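Working notes for the structure below.
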Amino acid sequence: MSKTQPRASGYFRTNYARDHRLAETRLQRRSLLAFLVALAIFPFIASPFQLDLACQVFLASIGSLSLMLLTGFAGQISLGHAGLIAAGAFTTGILAREINAPFWLTLPSSAITSATMTRASGSSPSRLSTLRPIPSVFSALLAFW
């Protein structure tokens, strides 16, 4: 049996280098390369509507992947997660629309806004031993207020 074929009970990796590989087989590497090339070419051949839709899909995937990391791998719940993402999005929207700020100014501003709100609503939960969902509800209310 070759090293890349699955065994009866799953994949067995014997070192960290194999565990951290993004693509293990030749087909996976070629598919990844084709996807990256298509991703690099897409902005030049897409219509404005398609480009806007792709941006929205990728932004939503960032939020869903971060929530998956928090709930799936860390085993925590977050009821205020969407609210903090929305706070950063509203910051970007307001800066871009109202004062016509460039992208490179709105990006760190939205991160700082979300981080500040996270810090404001997340400093007390570290001292709580029970009722951990309450501060995340508070951060959701704070973000949408």
The residue that is modelled with the lowest pLDDT, considering only those in segment 89-107 that are under 21 Å from the mean Cα position of the chain (by Cα) and surrounded by fewer than 10 Cβ atoms within 10 Å (Cβ to Cβ), is Phe103
The number of residues in segment 45-90 that are touching a Ser or Thr at 6+ places or on another chain (Cβ under 8 Å) and more than 16 Å from Ala111 (Cα to Cα) is 6
Counting only residues in segment 22-76 that are surrounded by 11 or more Cβ atoms within 10 Å (Cβ to Cβ) and of a type in the set (D, E, K, R), the one nearest to Thr92 (Cα to Cα) is identified as Asp52
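Can you go through Leu67, Leu79, Leu32, Leu22 and tell me which one is at pLDDT below 75 and not acidic (Asp, Glu)? Steps first, answer last, please.
Working: Leu67 fails: at pLDDT below 75; Leu32 fails: at pLDDT below 75; Leu22 fails: at pLDDT below 75.
Only one candidate qualifies: Leu79.
Check whether at least one residue in segment 116-126 is modelled with pLDDT under 80, outside any helix (DSSP H, G or I) and either surrounded by 10 or more Cβ atoms within 10 Å (Cβ to Cβ) or assigned by TED's automatic domain parsing to the domain that holds Gly80 (or both), and report yes or no.
At the first step, the residues of segment 116-126 found to be modelled with pLDDT under 80 are 118-126.
With the extra rule that they be outside any helix (DSSP H, G or I), the set shrinks to 123-124.
So of that shortlist, the ones also either surrounded by 10 or more Cβ atoms within 10 Å (Cβ to Cβ) or assigned by TED's automatic domain parsing to the domain that holds Gly80 (or both) come out as 123-124.
Yes.
The values are calculated or read from the model by the stated rules, or taken from the named source; none is laboratory data. Keep in mind the model is a prediction, meaning the values are calculated, not measured. Positions of Cβ are generated from backbone atoms using ideal geometry, with glycine treated the same way; all protein chains shown enter the neighbour counts.
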